[in-house]
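Heads up, the thing below is written out as structure tokens.
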Amino acid sequence: MDVSILGFGGSEIGYEQASARTVLRLLGSAIDAGLNVIDTAECYEDSETLIGGALGARRRDVYLFSKCGHAGGWGRADWRPAALLRSIQRSLKRLATDHLDLIQLHSCSLAHLRKGDVIGALEQARERGWVRFIGYSGDGEAARYAIECGRFDTLQTSVSIADQEPLALTVPLARERGLGVIAKRPLANVAWRYARKPSEPYYQDYWMRLRTLDYDFLGGKHAVSTALRFTLSVPGVHTAIVGTTRPERWPENAALLEAGALPDKDIARIRARWREVADASWVGQV
Ligand SMILES: NC(=O)c1ccc[n+]([C@@H]2O[C@H](COP(=O)([O-])OP(=O)(O)OC[C@H]3O[C@@H](n4cnc5c(N)ncnc54)[C@H](OP(=O)(O)O)[C@@H]3O)[C@@H](O)[C@H]2O)c1
């Protein structure tokens, strides 16, 4: 796959209940402007259905990625191979397509990966022509194992100014082994925008880390641009899937990237600050 460096993350449109009209506008304008990666999952509420409804004939213009493992909702994992295969078939229906370009195991544990039958289910889906490629979406030691086991085509993992563990633990190895790498949560949810600790637990770790990291650029008008360009500067990262419900965001973020690669000195400062303050608990966030 020849992917656009800026992709679309489909969790927000599901969890925040974007309308079909909004998703049609959002994806239509983004595809017109060069987007070709759409990532979603079995458990992002109506995200798959919204994307399937919006794409229509434009399905052929994009690479469609989904995930499996929680067809009954994020808190109700089901890693039985038959359940994974059923979930993939449901994704095909919801996304109104006869194949996915990529199916990813949605953050199962290292123990499940080691057992192996979850990977076997994805391989079966590939043999049956339901999916072209198979991947692991997750972090830490499980992500490392997913690369080492040699059975996956891609890794989706959290990479950002507030999540730098993969810069040593996984991404270099994935690069060496020729896996496609998708940076999830590439803007660290812009967690620095909250003056007080956000009530939503999903944002809290990044918010606290960013307070400690206290990068000098966070208060300025180039903060998002610097954060996104940092993620995309990591050697081995192929695409960054930013989540949004706003049709104007994708072109806005694409324009930020016109500034090109982040200068080496800025990257070095962000890395140095991380090394200075990150402690052992600052592991990759799912
Ligand atoms: N385990 C997994 O597999 C897993 C876990 C987490 C995420 N993911 C994937 O990764 C994708 C991205 O993750 P994410 O959405 O949590 O994190 P993210 O992309 O780092 O952050 C999304 C947030 O950034 C804001 N944003 C985007 N562009 C902005 C800009 N130019 N200025 C200000 N704010 C901006 C958006 O706000 P607005 O809505 O206002 O634009 C949105 O709230 C998800 O959609 C999903 O596909 C996968």
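The values are calculated or read from the model by the stated rules, or taken from the named source; none is laboratory data. The structure presented is a predicted model; accordingly, all values stated were derived computationally and were not measured. Backbone-built Cβ (ideal geometry, glycine too); neighbour counts: all protein chains shown. For accessibility, only protein heavy atoms count, side chains too; no ligands or nucleic acids. Shrake-Rupley method; radii C 1.70, N 1.55, O 1.52, S 1.80 Å.
The number of residues in segment 17-29 that are open to solvent by less than 10 Å² (accessible area, probe 1.4 Å) and either closer than 14 Å to Ala240 by Cα or without any contact (Cβ under 8 Å) to a residue 40 or more places away in the chain (or both) comes to 2.
The listed residues are Gly14, Gly72, Gly56, and the only one of them that is over 23 Å from Ser137 (Cα atoms), small (Gly, Ala, Ser) and either surrounded by fewer than 17 Cβ atoms within 10 Å (Cβ to Cβ) or free of Cβ contacts under 8 Å to residues at least 60 places away in the same chain (or both) turns out to be Gly56. For Gly236, the conditions (1) more than 12 Å from the ligand (Cβ to nearest atom); (2) farther than 15 Å from Ala188 by Cβ; (3) out of contact with any Asp or Glu (no Cβ under 9 Å at 6 or more places or on another chain) are fulfilled apart from (3).
Listed by first and then second residue, the pairs linking a residue in segment 151-163 that is more than 11 Å from the ligand (Cβ to nearest atom) to a residue that is open to solvent by 10 Å² or more (accessible area, probe 1.4 Å) and assigned to a loop (DSSP other than H, G, I, E, B), with Cβ atoms under 8 Å apart and 6 or more places separating them unless they lie on different chains, are Phe152/Leu179; Asp153/Leu179; Thr154/Leu179.
One residue stands out among those in segment 242-258 that are of a type in the set (Asp, Glu) and in a helix (DSSP H, G or I): the one that is farthest from the ligand (Cβ to nearest atom), which is Glu258. Only residues that are surrounded by fewer than 24 Cβ atoms within 10 Å (Cβ to Cβ) and assigned to a loop (DSSP other than H, G, I, E, B) were counted across segment 130-151, and they come to 4. The residues on offer are Ala71, Ala83, and the sole one that is out of contact with any helix residue (DSSP H, G or I) (no Cβ under 8 Å at 6 or more places or on another chain) and not basic (Lys, Arg) is Ala83. Exactly one residue among Leu187, Leu218, Leu228 is modelled with pLDDT of 95 or more and more than 11 Å from the ligand (Cβ to nearest atom), and that residue is Leu218. Candidates in segment 178-205 are the residues that are over 12 Å from the mean Cα position of the chain (by Cα) and at positive phi; of these, the one that is most open to solvent (accessible area, probe 1.4 Å) is Gly178. Of all residues in segment 152-183, those satisfying the criterion of being part of a loop (DSSP other than H, G, I, E, B) and in contact with a Leu (Cβ under 8 Å, 6 or more places away or on another chain) are Phe152, Asp153, Val159, Ile161, Ala162, Thr170, Leu179. A residue that is in contact with a Ser or Thr (Cβ under 7 Å, 6 or more places away or on another chain) and part of a helix (DSSP H, G or I) occurs nowhere in segment 193-211.
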